[in-house]
Amino acid sequence: MSNTDKSNTDKNPDGDNRGENAGPHADRRRFLAGAAAAGAAGAAAVAGGGLTPTPAMAAAPGGSGLLAPTGFTWAGAIPGNPYVKYYPELANRPYIPGYGFAELPMPTEPGAFLSEALKRIFGVFQRCLCITPEAVLNFATLGAANLQSDKQRETIRMEGGVGVGIGGGQDNLIQQVFNVILHPGEHISMGIAELVGKITVDHDGNRKVEPSFILPIDTEQIIGQFIRIVNPLNWPTIIGNFVKNPLSIFEELLAFFFPVRQRMNFNVKVKCEKFPDVELINKATIQVDSGHLSSFPPKNAPYRTPGPVEFVDAKHPNSQPLVVIEKWQPTVDHRKNLPPQVLDPSKAVYPETVDVDLPCAEDRRR
């Protein structure tokens, strides 16, 4: 696995503005500096005779610097958590909410760790190709009301792409539930229908949606791995390996988080060629699920909606639906370093043949 380039990290879903020095290299330098400081302090404390508290400096989630002690302890902040159950001597260790042990240079709360691992290995913003081979659309209200029912429906191919930001992790160690919040940020898709002509779908970020997320399924497996990580006897080795190669611990543990369930909630705007004055929007938030992902970002993963998706006139959002997608089962496929131009089907770059190593879609047509 390898880090992504700047085209995948120019958007930060956590909302921090890092200025002109933003990007994976600057971010990585900050992260390494924090990790080295935390690792050296932690290694000295652990290897030098027990568990004497260090200055409790740890690399912050997202690599934004160092976090100072908060005054929290593991026993006080999360009574009954499994880490202290297995290792009572950890009860009074410094605790950073949403991160974990202050002495370790990576998160030890599983949700926070998964979030950090995905960002470090793949980047904070990922683009995927999205193809729906057989979308079934009902145009009964939009120009097809006078047609027989079997003529009101069309099965068309939709193709394009989606862009998703990786947000923060959420943890409940007591109930052993944790996830990572996702931020849909791009959606471009196109198809051709006989009744309405070219159909263009774009992301609509102006309407509120419920959070999107990935949710690990086998939490017992993950907790078992983290109980090994938080064993104080393992800290010198973990810290030493991290200082040498910060990605090593993330790559080692990432596999234990799968399979995961993913849910995406988003809104879109739709234009139809033969009805240029009408902009359609989804009446209710679109929800797509994949119940058993073996990797994330997804590779050729099937998704499905729980039911039909209704579209209304944007000027009259409470009116009856003009178009209904009765069947929509897209396949989503992550491509490393995929530039945004490739996602735009209007540039005649087709997902099944695109060369993702090209710097832009224009080069494809030369």
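Data table
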| quantity | calculated |
| --- | --- |
| Whole-Hz ³J(HN,Hα) from phi, Karplus 6.51 cos²θ - 1.76 cosθ + 1.60, for region 136-142, glycine and proline x | 9, 10, 10, 9, 4, 9, 9 |
| Hz values of 3J(HN,Hα) by residue in region 216-228 - Karplus curve (6.51, -1.76, 1.60), Gly and Pro given as x | x, 8, 9, 6, 4, 4, 5, 4, x, 5, 6, 5, 5 |
| Relative exposure of Met106, Met190, Met158, judged by other C-beta atoms within 10 Å (fewest first) | Met190, Met158, Met106 |
| Residues Lys336 and Ala314, FRET efficiency given R0 of 35 Å [Cβ-Cβ distance, rounded to 0.05] | 0.50 |
| Backbone HN-Hα couplings from phi across region 259-274 [Karplus 6.51/-1.76/1.60, Hz, Gly and Pro as x] | x, 10, 9, 10, 10, 10, 10, 7, 10, 9, 10, 10, 10, 10, 4, 7 |
| Sorted by Cβ density within 10 Å, fewest first, the residues Ile131, Ile286 | Ile131, Ile286 |
| Extension reserve of the Ile227-Gln175 stretch, reckoned as 0.36 nm per residue once the Cα distance is removed | 17.2 nm |
| Segment Asn300-Glu273, extension gain: residue separation times 0.36 nm, minus the distance between their alpha carbons | 6.7 nm |
| Ranked Val260, Val209, Val243, criterion: other C-beta atoms within 10 Å, fewest first | Val209, Val243, Val260 |
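Readers should treat all values here as calculations from the given coordinates under stated rules, not as data from a laboratory. Predicted model, so just to flag it, every value in this text is computed and none were measured. All Cβ positions, even for glycine, are placed from backbone atoms using ideal geometry, and neighbour counts span all protein chains on display.
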